[in-house]
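Enquirer: Before I ask anything, let me first share the structure, which is written out below as structure tokens.
The values are calculated or read from the model by the stated rules, or taken from the named source; none is laboratory data. Note that the structure is a prediction, hence the values are computed from the model and not measured. We place every Cβ from the backbone using ideal geometry, glycine too, and count neighbours over all the protein chains shown. When the accessible area is computed, the model is the full protein with side chains, heavy atoms only, and any ligands, DNA or RNA have been set aside. Shrake-Rupley method; radii C 1.70, N 1.55, O 1.52, S 1.80 Å.
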Amino acid sequence: MSETPVDADEVRHVAELARVNLDEDEVEAFTAQFADILDYFDALDEVPEVESEPDLVNVMRTDEVRDGLSQEEALQNAPESEDGFFKGPRVS
Amino acid sequence: MGANIFITEETVDGDDDGPLAGTTVAVKDNISTEGVRTTCGSAMLEDYVPPYDATVVERLKEAGATIVGKTNMDEFGMGGTTETSAFGPTENPVDRERVPGGSSGGSAAAVAAGEADVALGTDTGGSVRNPAAFCGVVGIKPTYGLVSRYGLVAYANSLEQVGPIGSTVEDAAALLDVVSGADERDATTRFDQSTDAHPAEGSNYAAAADGDVDGLTVGVITDLLDGADDRVVETFEDAVSDLESRGAEVTEVSLESLEHAVQAYYVIAMSEASSNLARYDGVRYGLSTGTDGNWNETYAETREEGFGAEVKRRILLGTYALSAGYHDKYYKKAQDARAWIKQDFDAAFEEADVLATPTMPVLPPKLGESLSDPLQLYLMDANTVPVNLANLPAISVPAGEAEGLPVGLQLIGPKFGEETMIRAASAVER
């Protein structure tokens, strides 16, 4: 059994953080599956600390104005727009 | 009934001349095509039409290729069977009762069924090599940074690459010649200010498919044979013996860290996914339920409706792994495992020029057989995910058949060692 058992409330809490509504069947299924999966992930405890250098380097370029998407193109996939802006739900 | 290979069948003609003139290409549906919808196999993006082409698609058009359609895939690349697609599963052309593998199942099936000469897939943890193995075709996962990811709809940025699929090693390699190279829109393809420094400059991947393995050392990774199906191992070992008879030297290598590869891969991929997929808010593009609630309510409802079960599972587990109190336990340890795996590969390449494993530890499962137990499905990726964690190139090439089903042999090359790996793979198919 995992050292960090997951219960239904924890699944609901994470779903809320991730902004994904779940129905009760999903909560039940995920609770059981997450217990299995996290139990398996717990074996990462055995991994030693490893020093490593990142493979990637910062790549700089001159900051120049160039063409981007037009306003029309940027809005073409928006479910709703108004006066050339995205229209979203009220924030509170 | 078709095999459900394409989500959208639409022909896009390329330029008149070029190395791919007269060649048909199928493109995975998470690669942006200007004016042609790009769904990622998700209801969330069912009506999404990109306003621009991915760099790899621009390169296909400039090379004269004809794009024949956008191929079916596991939703956002999350799966290994193409069964998590919101558009229904794809059938394996070799045996219509079986899965084609995934997540680029439609792309591999298109090539196997002759619906396209070659195809592009994407590989985050094996998603090009797995379906190539299950459909009996060739698939290449390039070194991280060899091919531009600009216009690829992101799932796990630090792991994924666009990769070619073909009927032969030479066909797949020729497609890699076209799509590889530096791109100023993807900084991970740039090593300094000069494009000349990119490893694709001056390389010729298709020409490397000359079958000459005389004097090449092939290291068999013994750790990845133990958990594999006996029939797969037998076919794999026959193919390795065949390489030996062509002049290759075969040796055994062991990488202790690989025991943790699947764990590390899923923690990292899910964490990156939870962040990447936050963009699907129902405002700028994609599905919107259009209800009257406030921002957070509408956002959460849209995502309940738009995402399938596997995508929700990965977003939630990724959110959990990055949340306060668990970050050090999961995400940080997964990064340690990733660094350890890289070190183990570096050591293995001191003993061998290329490394060999079966691509998949199992034969292609029957449709509907594997979705009920997500953890078992994750374990099917044991042989492919180490390559993505170590940023290395790998190729899956048909090794033969077991029970009439294709078995893939995976060859792993050192960083930017695509030519050596392609050379060895071309000897396997002869």
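Enquirer: Can you tell me which residue in the stretch A:18-47 is most open to solvent (accessible area, probe 1.4 Å), limited to those that are of a type in the set (Val, Ile, Thr) and within 21 Å of the chain's Cα centre (by Cα)? If you could, list the steps in order and put the result at the bottom.
Expert: First, the residues of the stretch A:18-47 that are of a type in the set (Val, Ile, Thr): A:20, A:27, A:31, A:37, A:47.
Within this subset, residues satisfying the condition of being within 21 Å of the chain's Cα centre (by Cα) are A:20, A:27, A:31, A:37.
On the way: A:20: 4, A:27: 5, A:31: 24, A:37: 1 Å².
Once the filter is applied, the top-ranked residue is A:31.
Enquirer: Give me a count of the residues in the stretch B:37-51 that are open to solvent by 10 Å² or more (accessible area, probe 1.4 Å) and either under 26 Å from residue B:80 (Cβ atoms) or touching a helix residue (DSSP H, G or I) at 6+ places or on another chain (Cβ under 8 Å) (or both).
Expert: Summing the residues that are open to solvent by 10 Å² or more (accessible area, probe 1.4 Å) and either under 26 Å from residue B:80 (Cβ atoms) or touching a helix residue (DSSP H, G or I) at 6+ places or on another chain (Cβ under 8 Å) (or both) in the stretch B:37-51 gives 5.
Enquirer: For the list (1) without any contact (Cβ under 8 Å) to a residue 60 or more places away in the chain; (2) in a helix (DSSP H, G or I), I need the number of the one condition that residue B:51 fails.
Expert: (2)
Enquirer: Also, I was wondering about something else. State all residues of the stretch B:357-370 that are over 24 Å from residue B:269 (Cα atoms) and in contact with a helix residue (DSSP H, G or I) (Cβ under 6 Å, 6 or more places away or on another chain); if no residue qualifies, say none.
Expert: If the condition is that a residue be over 24 Å from residue B:269 (Cα atoms) and in contact with a helix residue (DSSP H, G or I) (Cβ under 6 Å, 6 or more places away or on another chain), then no residue fits.
Enquirer: Here's a follow-up. What is the residue count in the stretch A:62-83 for residues that are in a loop (DSSP other than H, G, I, E, B) and at the interface with another protein chain (Cβ under 7 Å from one of its Cβ atoms)?
Expert: Residues meeting the conditions: 5.
Enquirer: Residue B:273 passes all but one of (1) hydrophobic (A, V, I, L, M, F, W, C); (2) facing chain A (nearest Cβ under 10 Å); (3) closer than 25 Å to residue A:43 by Cβ; which number fails?
Expert: Result: residue B:273 passes all but (2).
Enquirer: Then there is this: Would you point out which residue out of B:122, B:168 is surrounded by fewer than 24 Cβ atoms within 10 Å (Cβ to Cβ), in contact (Cβ under 8 Å) with a residue 24 or more places away in the chain and either at negative phi or under 14 Å from the mean Cα position of the chain (by Cα) (or both)?
Expert: B:168
Enquirer: Among the candidates B:68, B:56, single out the residue that is touching a residue at least 40 places away in the same chain (Cβ under 8 Å), open to solvent by 10 Å² or more (accessible area, probe 1.4 Å) and not in a loop (DSSP other than H, G, I, E, B).
Expert: The match here is B:68.
Enquirer: Output the number of residues of the stretch A:1-17 satisfying the condition of being open to solvent by 70 Å² or more (accessible area, probe 1.4 Å) and closer than 13 Å to residue B:330 by Cβ. Can you show your working first?
Expert: First, pick out the residues of the stretch A:1-17 that are open to solvent by 70 Å² or more (accessible area, probe 1.4 Å): A:1, A:3, A:5, A:7, A:9, A:12-13, A:16-17.
Retained after the next criterion (residues that are closer than 13 Å to residue B:330 by Cβ): A:3.
Qualifying residue count for the region: 1.
Enquirer: Residues in the stretch A:71-85: is at least one closer than 30 Å to residue B:389 by Cα, surrounded by fewer than 16 Cβ atoms within 10 Å (Cβ to Cβ), more than 20 Å from the chain's Cα centre (by Cα) and of a type outside the set (S, T, N, Q)?
Expert: no
Enquirer: If the requirement is being touching a residue at least 40 places away in the same chain (Cβ under 8 Å), touching a helix residue (DSSP H, G or I) at 6+ places or on another chain (Cβ under 9 Å), of a type in the set (D, E, K, R) and open to solvent by 40 Å² or more (accessible area, probe 1.4 Å), which of these qualifies: B:292, B:353, B:344, B:373?
Expert: The conditions single out B:353.
Enquirer: Picking from B:215, B:181, which residue would you name as being in contact with an Asp or Glu (Cβ under 9 Å, 6 or more places away or on another chain), surrounded by fewer than 17 Cβ atoms within 10 Å (Cβ to Cβ) and away from chain A (no Cβ under 14 Å)? Before you say what the answer is, go through the steps one by one.
Expert: Numbers: B:181 fails: surrounded by fewer than 17 Cβ atoms within 10 Å (Cβ to Cβ).
When all the criteria are applied, what remains is B:215.
Enquirer: Would you be able to say whether some residue in the stretch B:182-202 is in contact with a strand residue (DSSP E or B) (Cβ under 6 Å, 6 or more places away or on another chain) and hydroxyl-bearing (Ser, Thr, Tyr)?
Expert: Just the residues of the stretch B:182-202 that are in contact with a strand residue (DSSP E or B) (Cβ under 6 Å, 6 or more places away or on another chain), to begin with: B:200.
Next, only the ones that are hydroxyl-bearing (Ser, Thr, Tyr) stay: none.
The answer is no, given that none of the residues of the stretch B:182-202 is in contact with a strand residue (DSSP E or B) (Cβ under 6 Å, 6 or more places away or on another chain) and hydroxyl-bearing (Ser, Thr, Tyr).
Enquirer: Can you run down the residue pairs with Cβ atoms below 8 Å, 6 or more apart or on separate chains, where the first is in the stretch A:26-48 and within 27 Å of residue B:304 (Cβ to Cβ) and at the interface with chain B (Cβ under 7 Å from one of its Cβ atoms) and the partner is of a type in the set (S, T, N, Q) and in a helix (DSSP H, G or I)?
Expert: Qualifying pairs under 8 Å: A:40/B:263; A:41/B:263.
Enquirer: Can you confirm whether residue B:267 is modelled with pLDDT of 95 or more and in contact with a strand residue (DSSP E or B) (Cβ under 6 Å, 6 or more places away or on another chain)?
Expert: Numbers: modelled with pLDDT of 95 or more: yes; in contact with a strand residue (DSSP E or B) (Cβ under 6 Å, 6 or more places away or on another chain): no.
When the stated conditions are applied, residue B:267 does not pass them.
Enquirer: For the stretch B:231-249, which residues satisfy the criterion of being open to solvent by less than 60 Å² (accessible area, probe 1.4 Å) and touching a residue at least 40 places away in the same chain (Cβ under 8 Å)?
Expert: Within the stretch B:231-249, B:232, B:233, B:235, B:236, B:239, B:240, B:242, B:243, B:248 qualify.
Enquirer: Would you mind listing the helices (runs of 4 or more DSSP H) fully within the stretch B:277-369 where at least 2 residues are within 8 Å of chain A (Cβ to nearest Cβ) and within 30 Å of residue A:74 (Cβ to Cβ)?
Expert: In the stretch B:277-369, the matching helices (runs of 4 or more DSSP H) lie at B:295-306, B:309-322.
Enquirer: State all residues of the stretch B:73-119 that are assigned to a loop (DSSP other than H, G, I, E, B) and either at pLDDT below 95 or among the basic types (Lys, Arg) (or both); if no residue qualifies, say none.
Expert: B:96, the sole residue that qualifies.
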